[in-house]
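Heads up, the thing below is written out as structure tokens.
The values are calculated or read from the model by the stated rules, or taken from the named source; none is laboratory data. The shown structure was predicted, so the numbers you read here are calculated from the model rather than taken from an experiment. Because the Cβ atoms are built from the backbone with ideal geometry, glycine has one as well, and the counts that use them run over all protein chains shown.
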Amino acid sequence: MNSETTKPRAAVIKLLDAINQENFDQTVTEENFDTNSSLYQIKKVPTNICFPWKYANRMQKYVNDSTCLELINNIKHSGQKIPAIARKIDNKYEIICGIRRLYACQKLNKEILLAIVNASDKEALVIMDAENRERLDISPYERAIDYKKWIDSGIYKNYKEIQEFTGIKKSWFSQLIALSELNPKIVELFGDPINLKQKWGYSIRLLCKDKNNEKLILQTANTLVNKNYKPRTIYLKLLHSCKANKNGICEKNIMDQEGNKLFKIKTYKKITNITINKLLKKDELEKIILNLKSLLE
């Protein structure tokens, strides 16, 4: 690829199709991997001379034994069928697409199969985005963080330019970008970001635009750490911790350890109402006072 100008998206997709349609089998000899074309070269290299591209969209803290288990097993038993895409930098290889493949090959002490291309940063972003459109293991959150990096790095001027380049529908793109503004504590509750659906993240982000809502949601998030709830349950608990209607009314139910409702807090603008539905015993009243105190701190 010519590093002076960015190739049209169609040309990039054609390149990816050519790479992915090759039939690779790691049981054949090394010489059979010396595949060359005018656009790329196929080669197997040791993993210790490979490193992730700084704009790679796979967040490193989410690349681990758990998230890569299936891929590790597949490569172990069937070989690496799809090459990672890389650029050669001096005598090392910068991985543009395939961070999980690199991790799996490192764990298995195997050489990694690469498709080596000559591309500028902007072209590499086109390649990465085009490849990941076809993959199901890149989360909307990671893509949103990617696009934010593209702006921060100066490679793209603004989100409008990225939206036009990617061809994503404007309304859908706005939802996606909202995920980059989520508090990381909320994302971490879901374990692998792939568990956080785009519509869930967008709904939570809308609520968090109100500082009072955000405070309540983060308080709930703190109670969910290490609880091992299913992703949908986490989402619903966060959503219900501060449910706002069209009139700006926010409600929060405070529960005791047995799951019974202690009281309800309802806020509207600068007014707060506390509703208690029964005559309280002394110990129950003390619990409510302690809960209120923690909310006010």
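Restricting the search to region 208-243, which residues are among the aromatic types (F, W, Y) and part of a helix (DSSP H, G or I)? Step through it out loud before you land on a result.
Taking region 208-243 and keeping what is among the aromatic types (F, W, Y), we get 229, 235.
Selection gives Y235 alone.
If only one of K43, K76 is more than 28 Å from the chain's Cα centre (by Cα), among the basic types (K, R) and at pLDDT 75 or above, which one is it?
K43
Residues G167, G191: which one is over 15 Å from the mean Cα position of the chain (by Cα), under 30 Å from D129 (Cβ atoms) and outside the structural domain of A130 (by TED's automatic domain parsing)? Can you show your working first?
Values: G191 fails: over 15 Å from the mean Cα position of the chain (by Cα).
Just a single option satisfies the conditions, and that option is G167.
Give region 156-168 a look and list any residue that's in a helix (DSSP H, G or I) and not polar (S, T, N, Q), or say none.
First, pick out the residues of region 156-168 that are in a helix (DSSP H, G or I): 159-166.
Answer for region 156-168, where residues must be in a helix (DSSP H, G or I) and not polar (S, T, N, Q): Y159, K160, E161, I162, E164, F165.
Out of the residues in region 119-146 that are in contact with a Ser or Thr (Cβ under 7 Å, 6 or more places away or on another chain) and at pLDDT 85 or above, state the one that is surrounded by the most Cβ atoms within 10 Å (Cβ to Cβ).
Kept after step one, since they are in contact with a Ser or Thr (Cβ under 7 Å, 6 or more places away or on another chain), are these residues of region 119-146: 119-120, 122-123, 126, 129, 144-145.
Still in the running and at pLDDT 85 or above: 144-145.
Details: A144: 23, I145: 20.
By that ranking, first place goes to A144.
For region 195-220, name all the residues that are surrounded by fewer than 20 Cβ atoms within 10 Å (Cβ to Cβ) and either of a type in the set (G, A, S) or in the same structural domain as K264 (by TED's automatic domain parsing) (or both).
S203
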